[in-house]
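Student: Okay, handing you the structure first.
Each reported figure results from applying straightforward, stated rules to the coordinates on display, with no laboratory input. Remember, it's a predicted structure, so these values are computed and weren't measured experimentally. Here Cβ is always computed from backbone atoms with ideal geometry, including for glycine, and neighbour counts include all displayed protein chains.
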2 protein chains.
Amino acid sequence: MAAFELNEKLRADSTLVENLGLCQLRLMDDKRWPWLVLVPQRPGIEEIFDLTPLDQAMLTFETNLVGQALKKCANATKVNVGALGNIVRQLHVHVVARHENDPNWPGPIWGYGSREAYGAAEKQALMKKILESL
Amino acid sequence: MAAFELNEKLRADSTLVENLGLCQLRLMDDKRWPWLVLVPQRPGIEEIFDLTPLDQAMLTFETNLVGQALKKCANATKVNVGALGNIVRQLHVHVVARHENDPNWPGPIWGYGSREAYGAAEKQALMKKILESL
């Protein structure tokens, strides 16, 4: 079986926060909203239901762990979770902290406007805060 | 503890397909894309991580069962799964069959245009097909 390789667009758009048991936890470089992506380190998977049952359970556990931590550390109104993959086919799960004053509330983040990169210090501080909340 | 009551907007916008173990499986009345919603029958829950661990596992199982069935029966290019809840706060998980010629491919379905209702016969036929795929 081929080894897992992170999709090039995911690599370019995000930064590794932590390797969890199954997933790479990555921060999207978009300061409009605290936006994490979990990428199961399994080759050739596009749909959640194409994972083994054990990996599906692991993904649920890691997604919910991260969602709860992000809600708390970002003091979010709502967490949005989604697996779309229409453009980047490698399975990845978005976990996003939403606030009532964010740029597209209450609409979705997907397909809205363009990414706005963090400054380096700002990104490091957020990553540290997220790691401490896990 | 209060009993589960389905949110009024979810009730108005969708039709019950089947009661699964945890969730109501409902078809959104929008013929632009085959669009199912799973609603865990638990009162007062807004986030997936607010469910008990057992209910989280059940939701994963039911979501993936439904996603796999929908992909097959709709002959979809990709299944999109999401739990947003910025407007309707009662926890509900969207499972949507996407095709490369659908109205907003490869963009998201959320926040795009307006629902287009099925005709009665068309809706019944799709619900029957989905039920047979489960």
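Student: For the range B:51-72, which residues satisfy the criterion of being in contact (Cβ under 8 Å) with a residue 40 or more places away in the chain, buried (at least 18 other Cβ atoms within 10 Å of the Cβ) and more than 13 Å from the chain's Cα centre (by Cα)?
Tutor: Within the range B:51-72, B:51 is the sole residue that qualifies.
Student: Could you list, in sequence order, all residues of the range B:19-34 that are more than 11 Å from residue B:127 (Cα to Cα) and part of a strand (DSSP E or B)?
Tutor: Listed by number, the residues that qualify are B:19, B:23, B:24.
Student: A follow-up question, please. For the range B:25-48, which positions are facing chain A (nearest Cβ under 8 Å) and either closer than 20 Å to residue A:84 by Cβ or touching a His at 6+ places or on another chain (Cβ under 6 Å) (or both)?
Tutor: Matches in the range B:25-48: B:47, B:48.
Student: Looking at residue B:134 and the list (1) under 25 Å from residue A:87 (Cβ atoms); (2) under 16 Å from the mean Cα position of the chain (by Cα); (3) more than 7 Å from chain A (Cβ to nearest Cβ), which single condition is not satisfied?
Tutor: Status for residue B:134: all satisfied but (1).
Student: Let me ask another. Kindly evaluate residue B:44 against the criterion of being surrounded by fewer than 17 Cβ atoms within 10 Å (Cβ to Cβ), out of contact with any Cys (no Cβ under 7 Å at 6 or more places or on another chain) and on the phi > 0 side of the Ramachandran plot. Lay out the reasoning, then the answer.
Tutor: Numbers: surrounded by fewer than 17 Cβ atoms within 10 Å (Cβ to Cβ): yes; out of contact with any Cys (no Cβ under 7 Å at 6 or more places or on another chain): yes; on the phi > 0 side of the Ramachandran plot: yes.
Yes: the conditions hold for residue B:44.
Student: Moving on. When the residues of the range A:69-111 are filtered to those that are over 23 Å from residue A:10 (Cα atoms) and not in a loop (DSSP other than H, G, I, E, B), which remaining residue is nearest to the other protein chains (Cβ to nearest Cβ)?
Tutor: A:78
Student: Does at least one position in the range A:118-128 carry a residue that is assigned to a loop (DSSP other than H, G, I, E, B), closer than 14 Å to residue A:28 by Cβ, touching a residue at least 24 places away in the same chain (Cβ under 8 Å) and within 15 Å of the chain's Cα centre (by Cα)?
Tutor: Among the residues of the range A:118-128, not one is assigned to a loop (DSSP other than H, G, I, E, B), closer than 14 Å to residue A:28 by Cβ, touching a residue at least 24 places away in the same chain (Cβ under 8 Å) and within 15 Å of the chain's Cα centre (by Cα), which makes the answer no.
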